[in-house]
Amino acid sequence: MTGEFYQNGKTYTFRIWDKDIYQIVIEYGPGIYVAETVGSDFNGPYLTVRSIDLYPGDDLTRHDFMSGIPRAELTSNLDEVKMRLNEVGVSDKCWELINLALQHPMLEGRFLIEGAATRHHDNVVGGLANHTTKMLRLLSALLFNNPELQKSSDLLTFSIFMHDIGKIFEYRDLDVGEYWFANHRVRGIEFLSEIKDEIIARYDENFYRQVQSVIAGHHGPYGDRPTTVAAVIVHYIDVLESQATELVREQLNAPGNKIRHTDFGFLREIPLFEENK
């Protein structure tokens, strides 16, 4: 069995070779465990689990193992990227619509709380807002480099805010939600329908349908294929941001001077600022 331990935003790959040991994990699933491990290395570093059992106490909860981004930092970063986007044509009307969407009762104020994933990039409290903000920074550069796109700056900005909004329903506190099988693209389009009239009143039905297309197609070839230029642009931004973030995280977690990439094999590390570790 192969899996991952998670603590404070970092993941540690483990392997269990003994059937009697991994049956415990199979029986109880994700949770808090007490484990005896030893460091190993084969096609990359991992932990070999020698023994494991459920944590017997109640002093620790899964929240004790979560890391997060302070709300003040998230809001400050959003304010900063808003200023950048204003310089490339995003309107006050768009920001008004974004605020209306994020304050909708269905979201329970969780945009600044939920993670962007249960594993991999931005799987921390506040990760969804952090991932969205980093994508918006990339969008601001794209709009600056390609001024023709500024005609659609409102559409692209609102679409990035909405592209993963369904994760608020797909996930719950960095774990899968009750109806996880209706994925975040489905739930995002469902949420968008709740504010359909508000969107059309400010823009038109084409704008609304374009945003739907982005939510549906932002995974590119790994879901519904994109059907609009906006969906392809958001897909490219999403992939660049998430994959770059994942590369940095992998390097920060790596004990040596190389990391193993699923597509490209071993990669030599690059210098990183020490304070990020």
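Quick note: the coordinates plus some simple rules give every number you see, no bench work behind them. Because the structure is a prediction, the values reported are computed rather than measured. Cβ atoms come from the backbone with ideal geometry, glycine included; neighbour counts cover every protein chain shown.
With a cut-off of 8 Å between alpha carbons and a minimum separation of six or more residues, what is the relative contact order of the stretch 2-63 in percent?
31
Relative contact order (percent) for the chain, with alpha-carbon contacts under 8 angstrom and 6 or more residues of separation?
14
What number of lysine-lysine pairs in the chain show an alpha-carbon separation below 23 angstrom, given a sequence spacing of 8 or more or placement on distinct chains?
Total qualifying Lys-Lys pairs in the chain comes to 17.
State the extension gain, in nm to one decimal, for the chain segment bounded by D173 and L54, taking 0.36 nm per residue of separation less the distance between their alpha-carbons.
40.8 nm is the gain from fully extending D173 to L54.
Roughly how large, in nm² to one decimal, is the mean projection of the convex hull of the alpha-carbon atoms in the chain?
16.5
Measure off 7 Å from each Cα along the Cα-to-Cβ vector at S40 and M83, then give the distance between these two points in nanometres to one decimal.
It works out to 5.2 nm between the two label points.
Length gain on complete extension for the stretch D20 to S193, per 0.36 nm per residue less the alpha carbon to alpha carbon distance?
Additional length available on full extension: 57.4 nm.
Return the distance in nm (one decimal) between the two label points of a simple spin-label model at R209 and Y33, each offset 7 Å from Cα along Cα→Cβ.
It works out to 5.0 nm between the two label points.
Run the dipole for the stretch 68-246 about the Cα centre, Lys and Arg Cβ at +1, Asp and Glu Cβ at -1, nothing else charged, and hand back the magnitude in debye, nearest 20.
It works out to roughly 240 debye.
Mind telling me which of V90, V25, V234 comes out most flexible in a GNM of the chain, alpha-carbon contacts under 10 Å?
V25
Order of 95-101, 157-163, 187-193, 266-272 by packing, highest average Cβ count within 10 Å first?
My ranking of the peptides, most packed first, is 157-163, 187-193, 95-101, 266-272.
Using a/c under 1.5 as the rounded threshold, could you call the stretch 2-63 rounded, prolate or oblate? The axes a ≥ b ≥ c are square roots of the C-alpha gyration tensor eigenvalues, and prolate needs a/b larger than b/c, oblate otherwise.
Judged from the Cα gyration tensor, the stretch 2-63 comes out oblate (a/c at least 1.5, b/c at or above a/b).
Only helices at least 24 Å long along their axis, Cα-based, and averaging -1.0 or more on Kyte-Doolittle count here, so list those DSSP H runs from the chain.
Within the chain the helices that satisfy the rule are 127-145, 229-253.
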